[in-house]
Each structure stands twice: as structure tokens, then as C-alpha cells.
Amino acid sequence: MHHPPTATAPKMADNTTIGTTSLKPLLEDALSVQDMSVESIRAIRGPKSREAPRSPTPATTPTPVPNIVLTPPTPAPQLYPIFINGELPSKSTGTLTKLELLPILHEVILRPKKTLKRTEKRMSYEEGWVGTQRGTIAERSCHECSKGCGPFTLCCVLEG
Ligand SMILES: [Zn+2]
């Protein structure tokens, strides 16, 4: 009987395992299947453990949990979000950034036949909207508003 060693047996298995296998009589071989299986398991496990000396040591350093704590150096100023006719401004401008610091005082109402168009004047309209919303109602309407030409029903003035 020159059976090749079991396919599962690694090539690096030492001679003793293969030797005993070939030298054993057939009957004994059949009877000692369990022993052989244990031996083969040892033979498999032995070299493997040597090949991989890396013991399954648990990671000593636990994965650091990042502390996401937003601590701004200076407290952010109170902002009053800008909505122009229920919509966010088209873009941020210096004027709008300043206006965002002012509380909302008035409800802005567009004059009839006036619409917020997406034109090159859009931003001045948006700034005018927010300025009217947060400014001081003018004691005397400006020339445009007094003629009813302003876009809003209120005529507001802003300091600065
Ligand atoms: Zn006006």
C-alpha cells in the first residue's frame, strides 16, 4: 500500500506521521482511524501553529473613539435665518450676512404686480426683502415707495 498521504496533510508534515501510516497493517489502519485522524489533526495543527506564531492576542489598544466636541473659540453670534418669500437666499452677500444678525421685525409683503424675478437685480431684491423685514419703518416713505413703485408694501430704512 503506497497510498499518498492524505490530501489534507500538509507537505511539511514530518516523516513520523507518514511512516506510521504506511507501516501499519490494513486492519489496524482501519481500526485506528480515529487515532489517525487525531494525529493528522495534530500534524496539521502543529506546523500551522509554528508557521503562524502570531497568537490571537486581543488588541491592547482599543479603537479610539473620536471626541467630536465642537468648541468654537468664540461663541457664534445669534443668527436669524434668512428666508426670502419662504426660500433661502440665492447666494450669500455681505449685506445678507450683516442682515442675518438682525431679528425679524416685519412681515414683508410684495406689492401687487411685483414679483421676485431671477434677474441680475435678484440679489438687490433679496437684500431689499431682508432689509425691509428687519429694518426700521421709514417715517417718510422714500421717493420710490411714496410713488408706489417700491417692491414691498413697507418702506424700511436700515442703519449703516
Ligand atoms: Zn422705500
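The values are calculated or read from the model by the stated rules, or taken from the named source; none is laboratory data. Bear in mind that the values here come from a model prediction, so they are computed numbers and not experimental data. Cβ placement follows ideal geometry from the backbone for every residue including glycine, while neighbour counts extend to all protein chains displayed.
Could you run through the range 132-153 and say how many residues are near the ligand (Cβ under 10 Å from one of its atoms) and either part of a helix (DSSP H, G or I) or without any contact (Cβ under 8 Å) to a residue 12 or more places away in the chain (or both)?
Total meeting the criteria: 8.
Determine whether the range 153-160 contains at least one residue that is surrounded by 14 or more Cβ atoms within 10 Å (Cβ to Cβ), at pLDDT 90 or above and touching a Lys or Arg at 6+ places or on another chain (Cβ under 7 Å).
There is at least one residue in the range 153-160 that is surrounded by 14 or more Cβ atoms within 10 Å (Cβ to Cβ), at pLDDT 90 or above and touching a Lys or Arg at 6+ places or on another chain (Cβ under 7 Å).
Is it the case that some residue within the range 89-106 is surrounded by 11 or more Cβ atoms within 10 Å (Cβ to Cβ), more than 34 Å from the chain's Cα centre (by Cα) and more than 12 Å from the ligand (Cβ to nearest atom)?
yes
In the list Arg111, Arg122, which residue meets the criterion of being surrounded by fewer than 17 Cβ atoms within 10 Å (Cβ to Cβ), more than 15 Å from the ligand (Cβ to nearest atom) and at pLDDT below 90?
Result: Arg122 is the single residue among Arg111, Arg122 that is surrounded by fewer than 17 Cβ atoms within 10 Å (Cβ to Cβ), more than 15 Å from the ligand (Cβ to nearest atom) and at pLDDT below 90.
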